[in-house]
Amino acid sequence: MGLEAYKGVYVFAQQVDNVLSGIAFELLGKAKDLAKDLSTDVTAVLIGSGVKDLADQLAEYGADKVIVVDDPELKEYRTEPYTHALASVINEYKPEIMLVGATAIGRDLGPRVSARVKTGLTADCTVLEIGDFPLNPVPGKENEQKHNQLLMTRPAFGGNTIATIACPDNRPQMATVRPGVMQKIDPIKGAKANVVEYNPGFTPNDKYVEILNVVKAVKETEDIMEAKILVSGGRGVGSAENFKMLQDLADVIGGTVSCSRAVVENGWKPVDLQVGQTGKTVRPNVYFAIGISGAIQHVAGMEEADIIIAINKDEDAPIFDVADYGVVGDLHKVVPALTEALKAE
Ligand code: FAD
């Protein structure tokens, strides 16, 4: 079958416990941009048990159509039934583009589905756009350049370079996308979904794993992706105990503490609080980078913050290249002084 049979931008609308994940709305926002460039529409694929009521929310965030796969088998996420469900939707409806969040679920599901439907997948994308591929065609072979391709950009080689990847010869073009990177649209309140119910059927092969019991993780930390103000500490903070100083500052300004990977590796803070390429992508109004050098892998996760304030004793630290405000000084003096000054406000 020709590639032109594949139409539309599709989004896997992840839900957990029948609550849509933020990534579903972020992907819809991006899908709308892509669909506009391709003069096509946006479809959300909603998979679960008793999830149909969530479809209107997807319409509010930009889905023109919602394909619902609803089956008791799909109550909790399991690789095989979900792979079967999403791969069946792709085989039936033939999307041109299929986007999945690079969440724990999406990182498991996306590659399986891409293998099942025999196409490529670019993992962990941070930029998606429609364009020509190859970007720089060989001179004399310009007419071999393909148009209207999904150009998928992601950090490569430990974040030291940025790779733009396309999938010109297979469909759908599949990508997993980092949470926190794409912008959701302002919801259109009261939008009603155009729902299509689809039943892919289940066979015993789809039931490799039986769930006997679900033990929910107790969340001990706040979600740094939701925070408006982040007070982030790096190796320069010196110890787990010294983070109390950052917590005091955060308490005064209504902020949340986050950290660099060096801090996680030292065991001072849990990985949930890590900002960066292998941590979370954050977009707060204000980001304090305290005792953080500004390695490319850290900056990748926080450069979209509205205001970046860096405190570092090394005036040549790369963090100052991305900071809006910088204080060169010893954080042990600067942070308590700042906290006291703000308290007095
Ligand atoms: P350092 O680089 O050691 O910087 C400490 C800073 O504190 C220095 O600039 C120093 O001048 C300053 N300082 C020290 N004492 C004081 C003081 N008393 N007062 C003021 N300033 C002081 N890193 C991440 O953060 N997130 C990621 O997701 C991530 N992913 C990675 C993925 C890969 C594949 C790789 C290879 C690396 C990744 N890293 C990541 C690691 C990254 O390269 C850096 O090693 C890390 O960000 C450094 O953390 P840091 O800035 O806290 O420590």
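Tabulated data for the structure shown
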{"quantity": "Dmax and Rg, reported as Rg then Dmax, of the range 25-66 (C-alpha, Å)", "calculated": "10.6, 34"}
{"quantity": "Label-point separation, residue 17 to residue 115 (7 Å along Cα→Cβ), nm", "calculated": "3.1"}
{"quantity": "The range 169-305, relative contact order in percent, only Cα pairs under 8 angstrom and at least six apart counted", "calculated": "25"}
{"quantity": "Relative contact order (%) - the range 91-161, alpha-carbon pairs under 8 angstrom, separation at least six", "calculated": "27"}
{"quantity": "Accessible area of residue 332 in the full protein assembly, 1.4 Å probe (Å², nearest 10)", "calculated": "80"}
{"quantity": "Antiparallel DSSP beta bridges within the chain, percent to nearest 5", "calculated": "25"}
{"quantity": "Amide H partners (placed H, <5 Å) of residue 308, local residues excluded", "calculated": "287, 324, 325"}
{"quantity": "Largest-first ellipsoid semi-axes for the chain, taking √(5λ) over the Cα gyration tensor eigenvalues, angstrom", "calculated": "39, 25, 18"}
{"quantity": "Qualifying aspartates and glutamates (Cα of each under 15 Å from Cα of residue 36; at least 8 residues distant if same chain)", "calculated": "64, 96, 129"}
{"quantity": "Packing rank of 129-136, 225-232, where each peptide gets the mean count of other beta carbons within 10 Å, highest leading", "calculated": "225-232, 129-136"}
{"quantity": "Antiparallel DSSP beta bridges within the range 2-116, percent to nearest 5", "calculated": "15"}
{"quantity": "Extension reserve of the residue 169-residue 219 stretch, reckoned as 0.36 nm per residue once the Cα distance is removed", "calculated": "13.7 nm"}
{"quantity": "Percent of C-alpha pairs per 5 Å bin, the range 1-145, short to long", "calculated": "2, 9, 19, 22, 21, 13, 6, 3, 2, 1, 0, 0"}
{"quantity": "Stretchable slack from residue 183 to residue 79, in nm (0.36 nm times residue separation minus alpha-carbon distance)", "calculated": "34.7 nm"}
{"quantity": "Karplus-derived HN-Hα couplings along the range 283-299 (A = 6.51, B = -1.76, C = 1.60, θ = phi - 60°), whole Hz, x at Gly and Pro", "calculated": "9, x, 5, 9, 10, 8, 10, 10, x, 10, 6, x, 4, 3, 6, 7, 4"}
{"quantity": "Lys pairs, the range 226-345 - Cα-Cα below 24 angstrom, 8 or more residues apart or on other chains", "calculated": "15"}
{"quantity": "Prolate/oblate/rounded label for the range 87-174 (Cα gyration tensor, a/c 1.5)", "calculated": "oblate"}
{"quantity": "Candidate lysines for bridging to residue 52, where Cα separation is under 19 Å - those fewer than 8 sequence places away on the same chain excluded", "calculated": "65, 75, 189, 192"}
{"quantity": "Ordering of 185-195, 86-96, 254-264 by packing [mean C-beta count within 10 Å, highest first]", "calculated": "254-264, 86-96, 185-195"}
{"quantity": "Extension gain, residue 242 back to residue 143 (0.36 nm per residue minus Cα-Cα distance, nm)", "calculated": "29.6 nm"}
{"quantity": "Trypsin sites (Lys or Arg not before Pro) within the range 91-126, DSSP loop, no more than 15 other Cβ atoms inside 10 Å", "calculated": "118"}
{"quantity": "Tensor-based shape of the range 220-305 (alpha-carbon gyration tensor, a/c under 1.5 rounded, otherwise prolate or oblate)", "calculated": "rounded"}
{"quantity": "Estimated vicinal HN-Hα couplings, Hz - the range 307-319 in sequence order (Karplus 6.51, -1.76, 1.60; Gly, Pro = x)", "calculated": "10, 10, 10, 10, 10, 7, 7, 9, 5, 9, 4, x, 4"}
{"quantity": "Whole-Hz couplings from phi, Karplus 6.51/-1.76/1.60, listed for the range 133-141; x for Gly and Pro", "calculated": "9, x, 4, 10, x, 4, x, x, 10"}
{"quantity": "Gyration tensor verdict on the range 83-233 (Cα atoms; rounded if a/c is under 1.5, prolate if a/b is larger than b/c, oblate otherwise)", "calculated": "oblate"}
{"quantity": "Contact order relative to length of the range 1-129, as percent, for alpha carbon pairs under 8 angstrom and 6 or more apart", "calculated": "28"}
{"quantity": "DSSP H segments from the chain that extend 20 Å or more along their own axis, Cα-based, with Kyte-Doolittle mean of 0.0 or above", "calculated": "22-38"}
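The values are calculated or read from the model by the stated rules, or taken from the named source; none is laboratory data. Since the structure is predicted, the reported quantities are computational estimates derived from the model, not experimental observations. Cβ sites come from the backbone with ideal geometry, for glycine too, and all protein chains shown count toward neighbours. Side chains are part of the model used for accessible areas, which takes the heavy atoms of the whole protein and leaves out ligands, DNA and RNA. Shrake-Rupley method; radii C 1.70, N 1.55, O 1.52, S 1.80 Å.
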